[in-house]
Every structure is written in C-alpha cells, then in structure tokens.
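Visitor: Provided herewith is a single structure, encoded as structure tokens, for subsequent inquiry.
The values are calculated or read from the model by the stated rules, or taken from the named source; none is laboratory data. In this text the structure is predicted, and so the values were computed from the model without any measurement. Methodologically, a virtual Cβ is constructed for each residue, glycine included, from the backbone with ideal geometry; neighbour enumeration extends over all protein chains shown.
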Amino acid sequence: MPITEEFLNTFNDIERYLRIEYNEGRFSESSFMGTLYRIKGKNSNPLIADKDNFEILSQAAQLRNIMVHNDGVALPSEDFLVKFKKVVNHIVRPKRVIDVMRSIRNLTVATLEDSVENLVGLMKKNSYSNIPVVENHKLKGVFTERTLFHYFMMDNNGFVSKDIKMKDLLEAMDLDNDPTQYFDFIPKDMDIYEALLAFEKDFEKDRELEILFVTEHGVNTEAILGIITIWDLKQAFL
C-alpha cells in the first residue's frame, strides 16, 4: 500500500473515532483539532492528552490538510507513519480490562468461614493489604488492615477473638464504609483508559479507589471475574 494511502487511511480511523466518541456522530473539517484540545483540556482520554501523543496527532492533522489541499507537496516519512499508526491503534483499539486483569482464579480469596487468625497470617506472610471475601463467586466484602478497626468501633466492647469468622465481620467490611478508601465494580469490556480515569478522578477529593472488581456488566451482584489495580494498569501501559 502506498505510504500516502496508508497515512490517510490511518487518519480516517482516528477522525472516525473522534466523531463517534466525542462529537455524537457529527464532524466538520475544522473540528478535529478543536476536539483534540477539548479532550486534552478535560483529560477525558489519557492517551490523547499525553504530550507526545498529542503532538503526533497535531502534526498528522497539519500534514493531512497540506496533502488534501496541495497534492504532492508533502508526504509522511516512514518513521512518522509508524509512530502515528501506533498512537492511533492504541486510541481506536484499546485493550480491555479483561485482557489485563488478574483473574479471580489466580488470587488469594477468603470464604465466609475463614477466621481472622487465618487471614491475618496470610496478610503478614505475603505482605497483602487486603483479601477479597467471596461466596459462590460473588464478592461479600474485602478484609483489610482497617477491618478490625471498624469492628472495634462498632459495639463490640473493643474485643475480637482470633477465631471470629469473616461472616461475622461483614458489617465492618462494608465496601464503602471508609469515605477515603473504597472499592468499585466495572464491566469486563471497559477499556483500560476508562479504568485509569476511575482511579484518577478522586485524587483531588482525598478519596482513594483501591481495587476495581471486574464482572460481566460491572454489577456488584455478579460473579467476580478478576481485579484491576492502578499497578496493573501501569504495567499494561508499559
């Protein structure tokens, strides 16, 4: 395929994507850069907002206008085309969370019958900060370093037996019982950039999303397929 045709086809891919995702199907010739600036300003797509990627897309837009209105005056270099195609492919065809999540089958999880002693031992041995509590493949709670504190703060006379079961701690493991640290659910087909935004949205509000639990449709009553953390997403971007 001639380099000119390959470049224009790639540009059409990103232009079509912007039209559908950010302009409700409408797109005028002059709105491409306007849309890019709007996305960058709102940081609604981390990949487009990235400084280097934004520069490549801007250069591609300028080159495309020259090529369309001044036939034969300018052509993309092979090196630039490779960079441009890579950026567009990541934007238009992003990885989904199901592709990068840690499967529930490979995670350490607890049952409702597990004792505090067992879980505290696991956390110390493996340096875990939390362990999901699962029954019939569905999330019932998350045992964390704060769970016992929440339990103490309830009407329990400041005492907890090492033999107490997870089923007796569910109220203290309420998934949203700490206003600053919480968990959430996302559908398996969400792209990794949307997942990243979920982690970033609360930074300025002093809230911390610790884990995203992946289910079929992002509903907390569905079977857990896996988990995503900010660390998992950073590895996916690398």
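Visitor: Does Val116 satisfy being touching a Gly at 6+ places or on another chain (Cβ under 7 Å), buried (at least 17 other Cβ atoms within 10 Å of the Cβ) and assigned by TED's automatic domain parsing to the domain that holds Thr229?
Guide: Numbers: touching a Gly at 6+ places or on another chain (Cβ under 7 Å): no; buried (at least 17 other Cβ atoms within 10 Å of the Cβ): yes; assigned by TED's automatic domain parsing to the domain that holds Thr229: yes.
Here the answer is no, as Val116 does not meet what is asked.
Visitor: Another question about this same structure. Go through the stretch 44-83 residue by residue and tally those that are out of contact with any Pro (no Cβ under 7 Å at 6 or more places or on another chain) and either of a type in the set (A, V, I, L, M, F, W, C) or touching a residue at least 60 places away in the same chain (Cβ under 8 Å) (or both). Spell out how you get there, then give the answer.
Guide: Going through the stretch 44-83, the residues out of contact with any Pro (no Cβ under 7 Å at 6 or more places or on another chain) turn out to be 44-62, 64-83.
Applying the additional criterion that residues be either of a type in the set (A, V, I, L, M, F, W, C) or touching a residue at least 60 places away in the same chain (Cβ under 8 Å) (or both) yields 44-49, 54, 56-57, 60-61, 66-68, 73-76, 78, 80-82.
Residues flagged as out of contact with any Pro (no Cβ under 7 Å at 6 or more places or on another chain) and either of a type in the set (A, V, I, L, M, F, W, C) or touching a residue at least 60 places away in the same chain (Cβ under 8 Å) (or both) within the stretch 44-83 amount to 22.
Visitor: Now for a different question. Do the conditions hold for Ile56, that is, is it assigned by TED's automatic domain parsing to the domain that holds Leu8, of a type in the set (A, V, I, L, M) and at pLDDT 95 or above? Reasoning before the result, please.
Guide: Numbers: assigned by TED's automatic domain parsing to the domain that holds Leu8: yes; of a type in the set (A, V, I, L, M): yes; at pLDDT 95 or above: yes.
Considered against the rule, which asks whether it is assigned by TED's automatic domain parsing to the domain that holds Leu8, of a type in the set (A, V, I, L, M) and at pLDDT 95 or above, Ile56 comes out as yes.
Visitor: Separate question: Please verify whether the stretch 103-110 includes one or more residues that are under 17 Å from the mean Cα position of the chain (by Cα), assigned to a loop (DSSP other than H, G, I, E, B) and either farther than 20 Å from Leu170 by Cα or free of Cβ contacts under 8 Å to residues at least 40 places away in the same chain (or both).
Guide: no
One line per residue, one yes/no per condition, for (1) assigned to a helix (DSSP H, G or I); (2) of a type in the set (S, T, N, Q); (3) within 25 Å of Val219 (Cα to Cα); (4) at pLDDT below 85:
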| position | (1), (2), (3), (4) |
| --- | --- |
| Pro132 | no, no, yes, no |
| Val142 | no, no, yes, no |
| Phe152 | yes, no, no, yes |
| Phe159 | no, no, no, yes |
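Visitor: Does at least one position in the stretch 42-50 carry a residue that is within 23 Å of Tyr193 (Cα to Cα), in the same structural domain as Tyr22 (by TED's automatic domain parsing) and of a type in the set (Gly, Ala, Ser)? Explain how you work it out, then say what you get.
Guide: Let us first name the residues in the stretch 42-50 that are within 23 Å of Tyr193 (Cα to Cα), namely 42-50.
Checking the rest, the ones that are also in the same structural domain as Tyr22 (by TED's automatic domain parsing) come to 42-50.
Restricting the remaining residues to those that are of a type in the set (Gly, Ala, Ser) gives 44, 49.
Within the stretch 42-50 (the criterion being within 23 Å of Tyr193 (Cα to Cα), in the same structural domain as Tyr22 (by TED's automatic domain parsing) and of a type in the set (Gly, Ala, Ser)), the answer is yes, since at least one residue qualifies.
Visitor: Given the conditions (1) touching a residue at least 40 places away in the same chain (Cβ under 8 Å); (2) surrounded by 15 or more Cβ atoms within 10 Å (Cβ to Cβ), and given that Met123 satisfies all but one, which numbered condition is not satisfied?
Guide: (1)
Visitor: Starting from residues that are of a type outside the set (A, V, I, L, M), assigned to a helix (DSSP H, G or I) and surrounded by 16 or more Cβ atoms within 10 Å (Cβ to Cβ), keep the ones in the stretch 22-53 and report whichever is modelled with the highest pLDDT.
Guide: Here is the first cut: in the stretch 22-53, the residues of a type outside the set (A, V, I, L, M) are 22-32, 34-35, 37-38, 40-46, 50-53.
Checking the rest, the ones that are also assigned to a helix (DSSP H, G or I) come to 22, 31-32, 34-35, 37-38, 40-42, 46, 51-53.
Restricting the remaining residues to those that are surrounded by 16 or more Cβ atoms within 10 Å (Cβ to Cβ) gives 22, 31-32, 35, 40, 46, 53.
Values: Tyr22: 81, Ser31: 79, Phe32: 87, Thr35: 88, Lys40: 88, Pro46: 80, Asn53: 93.
Among those residues, the one meeting the criterion is Asn53.
Visitor: Looking only at the stretch 56-81, which residues are under 30 Å from the mean Cα position of the chain (by Cα) and among the hydrophobic types (A, V, I, L, M, F, W, C)?
Guide: Matches in the stretch 56-81: Ile56, Leu57, Ala60, Ala61, Phe80, Leu81.
Visitor: Let me ask you something else. Could you grab the pairs with beta carbons closer than 7 Å, sequence gap of 6+ or different chains, first residue in the stretch 175-202 and in the same structural domain as Glu222 (by TED's automatic domain parsing) and within 22 Å of Ile131 (Cβ to Cβ), second one of a type in the set (Ser, Thr, Tyr) and modelled with pLDDT under 85?
Guide: Leu175/Tyr182; Asp176/Tyr182
Residue-by-condition table, conditions (1) closer than 19 Å to Thr10 by Cα; (2) of a type in the set (Val, Ile, Thr):
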site	(1), (2)
Phe54	yes, no
Leu57	yes, no
Met67	yes, no
Ser77	yes, no
Leu81	yes, no
Phe84	yes, no
Met101	no, no
Ile104	no, yes
Glu117	no, no
